[in-house]
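Scroll down for the structure; my scribbles are underneath it.
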Amino acid sequence: MPREARAQTTERAAKILKALRDEYGAVHSALRYEDPWELLVATILSAQCTDVRVNEVTPELFKKYPTIEHFAKADVEEIEMIVRPTGFYRNKARAIHESAGQIMADFGGEMPDTMEELTQMRGVARKTASVVLQEVIKPEGPHDGVVVDTHVQRLSRRMGLVPATWENPDKIEKRLMEIYPREEWNLAFVFIEHGRAVCIARKARCAECIVNHLCLRRGVQ
C-alpha cells in the first residue's frame, strides 16, 4: 500500500475503532469459562460453530473433566461424544485431548502464556491463542496479534481496511497490525459485537451504522 494511502486508511481506521468502542464499551468474548484453559477449550470448539452452541456443550464437558489433567487422561472418544454438537467433533476432541497432554508434559500442568508456546499445541492457531491471551492471560497487553474471525474478516473488507478480495486471515491480520497501533490489537471483540448487531453477514444495516460515514462499503456481503 502506498504511504499516502496507508496514512489515510490508518486515520480512518482509528476513527472507526474509537466510534465502535464508544458505542459498545468494554466487550469480551461471549464464550463462558472460568480460567484460561476453559477459554482455550471453548475457543477450539467455536470453530465453525456458534458461541451459543458451545456454551450449551461446555458445562457438561467441564463438569466431567474439571482440570487439564483430567482432560489429558480422558478417553478421547468420550470427549467426542460430548462435543459432537459443535461439529468437526473428532478433530476438536483430539485437539483438546492432545493439548492437555502437551500442557501436562511440557509445561508442568500450567497453561502457557505466550503466543509461541500456545501455538505449539495441536489445534491452536494464532486466532485461538490471541483470544486466550487478550481475554484472560494479559488483557492489558502488550498484544501479540489480532483475532481475525469471520466477523473481523467481513468488517475489515466491507469498511475498506483491507482489500475487498482478501480472504486469507493471516494476510488480513498482518494488515490490521500495520494500520492499528499495538495497544489496539484487541479490536476483535468490538468488531465482533458490531458484526452481530449491525454489520451482519446476510445484509448490513447501513442506515443504523454509527461508522457508515467512514465505511467504504465495497460491496462485500
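Quick notes
- Exceeding the 28 Å Cα-Cα cut-off - candidates Lys63/Lys92; Lys63/Lys174; Lys64/Lys174; Lys63/Lys203; Lys127/Lys203: Lys63/Lys174; Lys64/Lys174; Lys63/Lys203
- Summed residue charge, Cβ within 11 Å of Gln48's Cβ, Lys/Arg positive, Asp/Glu negative: +1
- Near-label residues of region 76-104 by backbone N, under 20 Å of a point 7 Å along Cα→Cβ of Ala125: 86-100
- Each residue of region 73-88 is assigned a 3J(HN,Hα), and the resulting list reads 8, 6, 7, 4, 5, 6, 4, 4, 4, 6, 8, 3, x, 7, x, 6 Hz, derived from the Karplus form 6.51 cos²θ - 1.76 cosθ + 1.60 (θ = phi - 60°), x at Gly and Pro.
- Taken as Cα centroids, region 180-221 and region 108-148 sit 24 Å apart, rounded to the nearest whole angstrom.
- In this simple spin-label approximation, Ala197 and His213 carry label points 7 Å from Cα along the Cα→Cβ vector, and these lie 1.9 nm apart.
- Gyration tensor verdict on region 68-131 (Cα atoms; rounded if a/c is under 1.5, prolate if a/b is larger than b/c, oblate otherwise): oblate
- Rounded FRET efficiency, nearest 0.05, which uses the C-beta distance separating Gln8 from Arg90 and R0 of 45 Å: 0.45
- Multiplying the residue separation of Lys73 and Thr150 by 0.36 nm and removing their Cα-Cα distance gives an extension gain of 24.4 nm.
- Separation in nanometres of the label points that stand 7 Å from Cα toward Cβ, at Arg205 and Phe107: 3.9 nm
No lab work stands behind these numbers, since they all come straight from the coordinates. The structure displayed is predicted, hence computed values, not measured ones. Virtual Cβ from ideal backbone geometry, glycine too; neighbours counted across all protein chains shown.
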